[in-house]
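Notes for the one structure printed next.
The values are calculated or read from the model by the stated rules, or taken from the named source; none is laboratory data. Keep in mind the model is a prediction, meaning the values are calculated, not measured. Positions of Cβ are generated from backbone atoms using ideal geometry, with glycine treated the same way; all protein chains shown enter the neighbour counts.
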Amino acid sequence: MRDLRRRVGRLPEGSPVLTALRLGYRAAYLALTAYWRVWHPHGRGAQLVIVDGDRVLLVRHTYRAPSTWMLPGGSVRRREAFRAAAVREADEELGLSLRDLTLLLSYTVHREHKHDQLTVFLAEVSSDADLIVDRAELAEARWWPLDDLPSSLDEGDHDVLKALPGRQVARGV
């Protein structure tokens, strides 16, 4: 899987393969959104606050509100532990092998016509770490200063970052 991510990561922007993969993600997201509108499911998700000192790693998805910056993470599979899901998502989306995760908080969110129980983990990583970004799923991954976060940061994720102990968090303009 890592080799496939490396190959996708090297595809030039606008290549037919990358475009097809991104269209697949968008189509799947639209189908899920329709399902959520009808059934209002309950789900489980794992999020990651990946920090290097006073900087945090944020991502923009190719399929969901592409101008919105978010914390990395994703769905927890059936019979999968929240921590295992967080480790898997970091590897799948960013190519990071995380070992030391600290439980930050758990909360329930109601958005996009579904109810999710989210568990957030904190990971300390060097910003020099070699990121292998899944470019089909993520438009961009970038380190942001905690005191100058993007104005287009997801509101719920901003609230999560405000829960970081001993760190000042502020949005830019």
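Within the range 126-163, the set of residues being assigned to a loop (DSSP other than H, G, I, E, B), among the aliphatic types (A, V, I, L, M) and closer than 11 Å to V56 by Cα comprises just one member, L146.
Exactly one residue among A129, A85 is of a type in the set (G, A, S) and either surrounded by 20 or more Cβ atoms within 10 Å (Cβ to Cβ) or in contact with a Pro (Cβ under 6 Å, 6 or more places away or on another chain) (or both), and that residue is A85.
Out of all the residues in the range 109-127, which are of a type in the set (S, T, Y) and more than 11 Å from V51 (Cα to Cα)? T119, the sole residue that qualifies.
Would a scan of the range 111-123 turn up a residue that is among the aromatic types (F, W, Y), outside any strand (DSSP E or B), within 16 Å of the chain's Cα centre (by Cα) and at pLDDT 95 or above? Give the derivation first.
First, the residues of the range 111-123 that are among the aromatic types (F, W, Y): 121.
Cutting the leftovers down to outside any strand (DSSP E or B) gives us none.
No, that holds for no residue.
Here S97 meets each of (1) free of Cβ contacts under 8 Å to residues at least 40 places away in the same chain; (2) in contact with a helix residue (DSSP H, G or I) (Cβ under 8 Å, 6 or more places away or on another chain); (3) in a strand (DSSP E or B) with one exception, condition (3).
Collect the residues in the range 136-159 that are buried (at least 19 other Cβ atoms within 10 Å of the Cβ) and over 13 Å from the mean Cα position of the chain (by Cα), keeping them in residue-number order. Of everything in the range 136-159, those that are buried (at least 19 other Cβ atoms within 10 Å of the Cβ) and over 13 Å from the mean Cα position of the chain (by Cα) turn out to be A136, L149.
Residues checked against (1) under 20 Å from the mean Cα position of the chain (by Cα); (2) outside any strand (DSSP E or B); (3) at pLDDT 85 or above; (4) within 25 Å of R79 (Cα to Cα):
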residue	(1), (2), (3), (4)
E13	no, yes, no, no
L18	yes, yes, no, no
L21	yes, yes, yes, no
R26	yes, yes, no, no
R44	yes, no, yes, yes
L48	yes, no, yes, yes
V51	yes, no, yes, no
L58	yes, no, yes, no
Y63	yes, yes, yes, no
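For the range 12-31, the set of residues classified as farther than 15 Å from T62 by Cα and either touching a residue at least 24 places away in the same chain (Cβ under 8 Å) or touching a strand residue (DSSP E or B) at 6+ places or on another chain (Cβ under 9 Å) (or both) is empty.
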